[in-house]
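Trainee: Have a look at this one before I ask anything.
The values are calculated or read from the model by the stated rules, or taken from the named source; none is laboratory data. Here the structure is a predicted model, which means the values were calculated and not measured. Glycine gets a Cβ as well: all are built from the backbone with ideal geometry, and neighbour counts include every protein chain shown. Remember, those area values only see protein heavy atoms, side chains included, never the ligands or the DNA or RNA. Shrake-Rupley method; radii C 1.70, N 1.55, O 1.52, S 1.80 Å.
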Amino acid sequence: MELILLILFFLLMLIFGSYKSKIKGIIGEKKVSSILYFLDKSDYKVINNVIIKTGNISAQIDHIVISSFGVFVIETKNYKGWIVGYENSKYWTQVIYKYKKKFYNPILQNAGHIRALKNYLKGYKDLEYRSIVVFCTKARIKVDSDSDVVNANSLIKTIKKYSSVNLSKTDKENIFQIISTSNLVKSIDQREHINSVKQRINFLDKKTIQEIKCPKCGNKMIQRQGKFGIFLGCKSYPKCNYTQQEF
């Protein structure tokens, strides 16, 4: 009997280890959902966990808030410790003492979500999209960025700092209906969605590199291979020798 219980325990630990990051993600999303619940219903309409598809590419958006002041697209990360990165870096780093873990830049991730959303809302060309990246309250954010990257306890304050009216009540309702009816969260195959996410990240990687400009001379940055690995270097080299290690 003890042997059976021991085997079951190890099996449970193995399952938990396999799904640990997914479970943490769900917990983070639920926490942010509970925070967004307290927004004034007359000004803000909230949709949690949205999957939309354009062609073969699908995008999973944690939270969308439709308001008189634009559409907020929110990416949630349930990470603690120091969060270090730059706005245009390919990866950010989570640091907990000597432990370091790289993860894909959520600003770039959210930019992909907004592009996907725009395909569904083509009739609203003047619509303001506001990207927000939210970390759990235990995260210390050390990110060099002009975008909204905040802790969960600052989320409502961040949303409410936008006060310029951008949408009528009718437009808000129409956009809410478009997104709600386009949401495939209950019907999409999860493996298909994961493959789609990987395709989009690869596409964003290439697009991001193409858009990075050299801060020294303004020319394009291109990917190069050095003895210490891949880095970005100015296209004007050797005239301009600016390089960037992390992207």
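Trainee: Once the piece of chain linking Thr137 and Asp43 is laid out straight, how much longer is it, given 0.36 nm per residue of separation minus the C-alpha distance between them?
Mentor: Full extension from Thr137 to Asp43 adds 31.3 nm.
Trainee: How much accessible surface does Tyr237 have with a 1.4 Å probe, in Å² rounded to 10?
Mentor: Approximately 140 Å² for this residue.
Trainee: Let me ask another. Which whole-Hz couplings ³J(HN,Hα) result when phi for each residue of segment 157-174 is put into the Karplus expression 6.51 cos²θ - 1.76 cosθ + 1.60, θ = phi - 60°, listed in order with x for Gly and Pro?
Mentor: With the stated coefficients, segment 157-174 comes to 4, 5, 5, 6, 6, 8, 10, 7, 5, 10, 9, 7, 4, 5, 4, 4, 5, 5 Hz.
Trainee: Once the other residues with Cβ under 14 Å from the Cβ of Lys239 are scored (Lys, Arg +1; Asp, Glu -1), what is the net sum?
Mentor: Net charge around Lys239: +3.
Trainee: Okay, moving on. Relative to the present Cα-Cα distance, how much length would full extension add between Lys169 and Asp146 at 0.36 nm per residue of separation?
Mentor: Working: separation 23, 0.36 × 23 = 8.28 nm, distance 2.97 nm.
My answer for the length gained is 5.3 nm.
Trainee: Sorted by packing (mean other beta-carbon atoms within 10 Å per residue), highest first, where do 46-54, 177-185 land? Please list the in-between numbers first.
Mentor: Working: 46-54: 18.3, 177-185: 14.3.
Final packing ranking: 46-54, 177-185.
Trainee: Along the Cα-to-Cβ line of Tyr120, 7 Å from the Cα, sits a label point; which residues in segment 34-50 have backbone N less than 17 Å from it?
Mentor: 45-50
Trainee: So how much slack lies between Phe176 and Phe103, counting 0.36 nm per residue of separation and subtracting their Cα-Cα distance, in nm?
Mentor: 23.2 nm
Trainee: With labels modelled as points extended 7 Å from the Cα through the Cβ direction, what inter-label distance (nm, one decimal) is found for Lys213 paired with Tyr242?
Mentor: For the pair Lys213/Tyr242, the computed spacing is 0.9 nm.
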